[in-house]
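Only one structure is covered here, and it is reproduced in the block below.
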């Protein structure tokens with residue numbers, strides 16, 4: 001919708017993998033949304049902008065090759081991955097599905113571009129989680145290492161903490177290899193957790209609402225806290241709550257993708273950009289939600305729970321994120337107003353909240 | 001055979017993937033060898049040691065889970081990867097087969113161990129090619145990086161030059177993740193190119209001969225030079241020939257695997273050992289083969305060809321390889337005698353040499 005509203009010809013393809021997994025795992029979003037063709041139709045009705053849609057599985061090479069050949073895009077925005085860390089840690093079948101889907105789609109996409117559309121710019125969604133939480137500053141994709149008096153510039157070493165995040169490390173390795181070998185144009189966006197429910201296009205109709213999960217499988221921490229605040233249950237902090245990550249507003253995600261599309265990567269090297277606007281610890285976020293909720297006369301309590309994950313709960317975290325700022329990113333920070341906007345929207349759907357699915361159902365600690 | 005001769009109970013499983021690809025690509029080995037059950041039978045006849053064999057595809061999770069559950073091994077030696085760099089660079093189907101086979105087998109193996117045999121020690125064959133040719137010393141798997149006054153120990157960053165080698169980078173990332181998360185015992189052996197045709201067990205019968213490829217797809221450079229010397233064609237050096245790698249004798253490969261098995265990795269961290277005994281440039285090797293051939297009154301010429309590969313032809317190369325020495329490795333270096341032994345063996349099969357399959361049929365430069 002963001003690109004179509006700005007005059008681009010957009011083709012969207014989805015195999016509903018996330019919707020399927022959400023159903024299978026009893027993790028329905030708070031606000032149910034119609035399917036892709038219906039949403040595109042609604043959007044066209046409201047905005048006058050057409051989006052072509054297809055239902056298909058890009059992990060099937062024929063589907064990928066056909067759509068790239070038929071549409072010959074200037075850019076491909078690749079979101080087609082199983083995106084849940086906890087799901088990928090559930091058991092063998094879930095882990096295998098994550099590994100195979102994520103690697104196959106990326107691999108097919110590289111080959112479709114290489115074989116039939118080599119000028120195409122691939123914008124791939126990576127994750128800040130690829131880096132993990134090392135005890136040094138996280139650079140933007142690469143680091144120059146000086147060792148025994150010699151120097152070399154490497155991919156910044158990665159160490160993720162779920163299989164899902166690890167598949168994105170594998171994606172980075174694959175993309176880096178194929179860019180080096182065949183001079184493709186690829187941008188890998190190391191995205192932090194995204195929050196927000198409002199964009200100019202989504203706000204045209206309630207049925208164009210972004211997907212909003214608050215469960216333990218697809219919900220990220222800001223969503224969970226907002227829903228817990230509205231549901232009147234304690235905000236659940238895993239362990240000490242010192243886990244710090246780089247976050248960004250949904251509006252800024254869209255800005256970042258657009259900035260990347262407008263200035264394509266060169267062919268010499270995989271372009272890697274760290275995509276977030278500010279860092280918070282889980283405890284910081286809980287406090288901020290608590291304080292915003294007070295403005296709605298909601299009294300929030302914060303509860304530390306046993307951590308279901310294997311992760312550091314207290315660590316150094318200082319990732320560089322200047323690349324997108326240089327391209328022109330104007331951040332929308334996490335203000336009380338943003339949180340209040342989310343809480344009001346969630347409050348309107350309060351009856352849909354199923355508190356059973358908030359608490360961790362998958363553990364790997 | 002090496003382990004069975006030392007009193008271990010050995011189960012060997014193969015899906016003949018390499019044999020299949022060799023047939024498909026017209027890359028038959030110089031000396032044809034019978035199938036796995038027949039070789040095991042021959043070996044038992046000659047040595048009295050039984051090896052249980054199975055034909056099955058370990059990229060199928062059921063096959064992997066069944067064999068691990070049934071045999072409950074103390075150690076698994078995982079060689080079950082598509083091992084050809086050039087094959088992986090041929091086209092989409094070959095690349096996909098390499099990616100899927102290699103990742104699936106490693107993944108299934110991790111899960112089979114985690115689910116049904118968590119004490120088992122996995123010895124995985126990686127490759128020195130994972131590191132590429134950086135301008136700094138290559139450490140043994142890990143490097144401590146000091147950056148802006150802080151320190152952290154990371155996996156040594158990798159940058160391979162074929163898809164096959166890149167799949168081994170992905171394997172390393174996967175293994176490292178699952179060891180960190182579930183405290184598995186895994187050793188990853190970063191092996192250099194192996195040469196040699198003789199082991200005490202293989203020498204029991206000509207039909208127990210190791211697989212010897214000299215073609216552009218499966219043959220490595222020492223084999224190719226030995227065959228070219230015997231065939232009376234020039235030794236083909238790709239580009240400048242300054243490409244330097246760490247090599248080892250087949251006997252030392254067996255020693256390394258045995259040393260790793262005898263001293264299992266601890267559970268805290270993926271153990272990574274650089275497995276080679278000495279480094280040579282391609283030009284060094286050509287000169288050494290030329291000089292050894294002179295002792296058989298063969299006059300060898302050396303010819304520089306256009307490089308079919310994308311790789312540095314002149315580079316710094318200084319990888320550490322002390323881990324296996326500390327475990328007790330006693331190297332068998334590449335002497336003229338070793339080369340003469342190989343040349344005599346190859347000479348006995350001179351009529352089988354097909355010089356058409358020596359020159360590069362796959363290019364990605």
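Each reported figure results from applying straightforward, stated rules to the coordinates on display, with no laboratory input. Predicted model only: the values in this text are computed from it and were never measured. Here the Cβ positions follow ideal geometry from the backbone for every residue, glycine too, while neighbour counts run over all protein chains shown.
For this structure, a couple of remarks:
- Pair residue A:142, residue B:11: separation of 7 Å Cα→Cβ label points (nm): 4.8
- The range A:164-228 - Kirkwood radius from inverse mean 1/r over Cα pairs (Å): 14.8
- Ordered by the count of other Cβ atoms within 10 Å of each Cβ, fewest first, B:291, A:59 give B:291, A:59.
- Compactness of the range A:2-357 as Cα Rg over 2.2 N^0.38 Å, two decimals: 0.98
- Most mobile listed residue (A:350, A:240, A:326) in chain A, GNM with C-alpha springs under 10 Å: A:326
- Shown for residue A:206: label points 7 Å from Cα along the beta-carbon vector, and their distances to the equivalent points in the other copies, 8.4 nm in ascending order.
- Footprinting exposure proxy for A:173, A:57 (fewest neighbouring C-beta atoms within 10 Å first): A:57, A:173
- In nanometres and ascending order, the distances from the residue A:182 label point to those of the other copies are 3.3 (point 7 Å from Cα along Cα→Cβ).
- Label sites at residue A:330 and residue B:327, each approximated as a point 7 angstrom past Cα along Cα to Cβ, lie 5.9 nm apart.
- Computed per residue of chain A from DSSP H runs no shorter than four, each worth -39500 (n - 2.57), the mean residue ellipticity at 222 nm is -11500 deg cm²/dmol.
- Gyration tensor analysis over the Cα atoms of the range B:197-332 returns equivalent ellipsoid semi-axes of 30, 21, 13 Å (largest first, whole Å).
- Calculated label separations, residue B:153, copies of the chain, 7 Å along the beta-carbon direction, nm: 2.9
- P(r), alpha carbons of the protein assembly as shown - 10 Å bins starting at zero, rounded %: 3, 13, 23, 24, 18, 11, 6, 2, 0, 0
- P(r), alpha carbons of the range B:22-130 - 5 Å bins starting at zero, rounded %: 2, 10, 16, 18, 19, 18, 12, 5, 1, 0
- Taking every alpha-carbon pair in the range B:117-186 and binning the separations at 10 Å intervals from zero gives 18, 44, 31, 7, 0 percent.
- Modelled FRET efficiency - R0 25 Å, residue A:351 with residue A:45, Cβ distances, 0.05 increments: 0.35
- Normalised by the number of residues in the range A:2-357, the average gap of Cα pairs under 8 Å and 6 or more apart makes the relative contact order 20 percent.
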